[in-house]
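Before any comments, here is the structure.
Coordinate-derived values only; no laboratory data. If you're wondering where the values come from, they're calculated on a predicted model, not measured in any experiment. Cβ placement follows ideal geometry from the backbone for every residue including glycine, while neighbour counts extend to all protein chains displayed.
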Amino acid sequence: MGVRRYVTKKNEVRYAVNVYNKAQGVTCWVGTYKNAEDAKLAFADADRAARMGELVSARTRIGFSDFVDEYLESLVLALLPETVDEYRRSLNHATARFKNRDLTSVTKRDVESLLVDKVNEGWKPLRVRKLRTHIAQAMNAAVAEEYLDRAPTAGRFRKLPTVEEHAFKPLTADEVRSLIEATPDYWKPAVLTLAACGLRRGELFGLTIDDVDLDAGLLTIRGQLRNGKLSRTKSSAGVRTVPLPGELVKQLRDHIASVPWTEARLVFPTPTGYRVWPGNFYRGVWGACRGSSRHTFRLQDA
């Protein structure tokens, strides 16, 4: 506690002052000063007031969920909308656990307990690491906003329990044929494109007619459809061109000739001309396909 020198993003030197109030058992935020002398005088006055029981903590108190809302709002101008949505979905698990309790009361042990519970629920390691990262970034932002003196997520986390991951097993040629036979005619080219080109779900539903070169037999993946919104791929590595098998070229040619018009010129909108929402597709199409073909694979397995 005392005077802390730091440099702002604008490369300006500042001096932060806080004092520990023993009577209240809290750290009292005093203020930020441009020069060391003013900071030292402020610390001396605050320290004297604390010893006499006259100093009340001036640090703003905020609940965990309230801070998460504030933090997500701050990300809107810096990140893509779909990335902000990913942060929101991830941090929703933290707010469900910590609710709106005082932000300063959330400890590293609390965060570790949350992560362990998610592992025990069957979360994959990558998803757990993302949640840990998102919580840590939020806590670092809380320090920058002076809600916290130190992020409880700083330093090493204890080792999380390991979960045995099942090896990915692609569909066999017979399983693909069985699946396509069970698929409604309108969606057969979509399932064949998934199987032949190795697309992700969002990439499939985000394909536009401009991405398909039927004469050259090539498909270029440039973007994706997530939560009803078209966006570019998450990284430049996701942009790629893949060859189209001859049978798929024929099916895509017939499909594109009759596909409903959409403003984005989508290759695979719904039969009524709307963007695909994965949940609706799973319930209305994919579930029926899996049931008819008597397999239990997921959409990404195709």
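Can you tell me the relative contact order of segment 173-301? Whole percent, Cα pairs under 8 Å, sequence separation 6 or more. This gives 28 percent for segment 173-301.
Starting from the coordinates of the alpha-carbon atoms of the chain, obtain the Kirkwood hydrodynamic radius over all distinct pairs and give the value in Å to one decimal.
Working: mean 1/r = 0.0422 Å⁻¹.
Every distinct Cα pair counted, the radius reaches 23.7 Å.
Based on DSSP H runs of at least 4 residues, each adding -39500 (n - 2.57), what is the mean residue ellipticity at 222 nm of the chain after dividing by all its residues, to the nearest 500 deg cm²/dmol?
Numbers: 11 runs with 128 residues, N = 302.
Helices in the chain give a 222 nm mean residue ellipticity of -13000 deg cm²/dmol.
A cut-off of 5 Å between modelled amide H atoms, ignoring neighbours fewer than 5 places along the same chain, links residue 148 with 143. Taking 18 Å as the straight-line reach from the Cα of residue 130, the lysines in range (excluding those fewer than 8 positions away in the same chain) are 108, 118, 159, 234. Over segment 2-51, Cα pairs under 8 Å with separation of 6+ residues give a relative contact order of 34 percent. Give, as a single signed number, the net charge of other residues whose beta carbon lies under 13 Å from the beta carbon of residue 253, with Lys and Arg counted +1 and Asp and Glu -1. Neighbourhood net charge equals -3.
Give me the percent of Cα-Cα pairs in segment 2-51 that sit more than 13 Å apart, rounded to a whole number.
Tail of the P(r) past 13 Å holds 53 percent of the pairs.
If segment 64-144 were replaced by its equivalent ellipsoid, with semi-axes equal to the square roots of 5 times the Cα gyration tensor eigenvalues, what would those be, largest first, whole Å? The equivalent ellipsoid of segment 64-144 has semi-axes of 20, 16, 10 Å. Here is the list for segment 104-155: GluC sites (Glu not before Pro) lying in DSSP coil, each with at most 16 other C-beta atoms within 10 angstrom of its C-beta, are 121, 145, 146.
Applying 1/(1 + (r/R0)^6) with R0 = 22 Å to the Cβ-Cβ distance of residue 35 and residue 146 gives a FRET efficiency near 0.70.
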